[in-house]
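Everything below concerns the one structure shown next.
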Amino acid sequence: MDTSYAVFCGIDVGKGEHHAVGLTAAGKKIYDKALPNDETKLRAVFDGLAAHGPVLVIVDQPNTIGALPVTIARACGHDVAYLPGLSMRRIADLYPGQAKTDARDAFIIADTARTMPHTLRRVDTGDEALAELEVLVGFDDDLAGEATRISNRIRGLLTSVHPALERVLGPRVTHPAVLEILSRCGGPAGIRQAGKRKLTTLAVKHAPRMGARLATEILTALETQSVTVPGSKAAEIVLPKLADSLKEVLLQRKTIGDDVERMLDDHPLSRVLTSMPGIGVRTAARNLLEVGDGSAFKSAGHLAAYAGIAPVTHRSGSSIRGEHPARSGNRKLKRALFLSAFAALGDPTSRGYYDRKRAEGKKHNAALICLARRRCDVLYAMLKNKTHYQPPVTAAA
């Protein structure tokens, strides 16, 4: 039990109103009411609870709809913590009852903070720069998802009307030259009608090196199919619109990326993160948002477990033995570490470790997870010591 606080205020946040439950260190309930998402009401409740002694405010969502109570709690001088959703769901099974109510959830949040403080995470929204960065990175994630959706729609449409053409354009669908051809010419019929000269001109303008080759590959693919598949006429109308939409989304991503980079440059840890091979602006921003300065984790192993890249041991007697990939963890952080490991394969040190894991029989993704786990140790040390990445020194023969 954590006795450093006199009151544990658990808040189940909501859009219109929250529900708050206040428990003393002994577990006595001293507050249990719906709480309007209003500054005056929130301050009044926090001030009332503070009459009993030091208050810890715990939320189940620190951003978006939970940002106001977190900000007001800090303005009132109270500590704030965050109970992750996965932990919340697992802990809820330990409490009696099957009902899913705001009051029950708020009680579980408060009681968990009182009895199991190790399950809590620090809330970094008090750092204004990180709060601003969170908004930009969140929008960038939305744009990335939209770009993927539109790309898949274009590839699916091309596959349905002309599979050979999709095999040429699909893997390059986000390239400016391909998007310009789709935007200006449309589908297979429009591209065929444009002719080699126009195709080459459009392609070379946006891809000087591969433009002529791309135009030749497109025309060759068109010759492999003589029939017109039903839906082709509609595809000629839709494809240019999809291409224009994708161009706009990619342009927005570029603009937001520049904004993220400028904001990231103002943070003292940005240079530390980007000094590591494979970590660019976007992955550095995500690491900073999810990990901070690393002080919330006791060791690199704790950080790896939080990210879901540490292997989970399964052992029961003599029948079940072995280690398996974790299915839990912070998915955003896990993805950032995985992508940075993949991007680091051009680095000799990372490539050598990856090749050794492949030689042991591991598949590509498994070897990348191993590499991400190894890099997690280095990243933790860099954040803890505030030092830039230093490649390992090879012992002289």
With the 8 Å Cα cutoff and a minimum separation of six or more residues, the chain has a relative contact order in percent of 12 percent
Nearest-0.05 FRET efficiency for residue 40 and residue 174 at R0 = 56 Å, using Cβ-Cβ distance, is 0.70
The helix 331-343 Cα axis meets the longest alpha-carbon principal axis of the chain at an angle in degrees, between 0 and 90 and rounded to 10, of 40 degrees
Going fewest to most other Cβ atoms within 10 Å around each Cβ, 19, 364, 206 line up as 364, 206, 19
Expressed as a whole-number percentage, the relative contact order of region 270-385 with C-alpha contacts under 8 angstrom and at least six residues apart is 33 percent
Once both label points are put 7 Å beyond Cα along the C-beta direction, the residue 167-residue 241 separation in nm becomes 3.0 nm
The exposure ranking of 118, 18, fewest beta-carbon neighbours within 10 Å first, is 118, 18
Filtered hits (lysines, Cα-Cα < 17 Å from residue 205, offset >= 8 within chain) -> 196, 247
FRET efficiency (residue 17, residue 227; Cβ distance; R0 45 Å; to 0.05) is 0.15
In deg cm²/dmol, rounded to the nearest 500, the helical mean residue ellipticity at 222 nm of the chain, built from -39500 (n - 2.57) for every DSSP H run of length 4 or more, is -19000 deg cm²/dmol
Expected unfolding gain across residue 261-residue 33 under the 0.36 nm per residue rule, minus the alpha-carbon gap, is 77.8 nm
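Only the coordinates and a few stated rules stand behind these numbers; no lab work does. Keep in mind it's a predicted model, so treat the numbers as computed, not measured. As a convention, Cβ positions derive from the backbone with ideal geometry for all residues, glycine included, and neighbour counts pool all protein chains shown.
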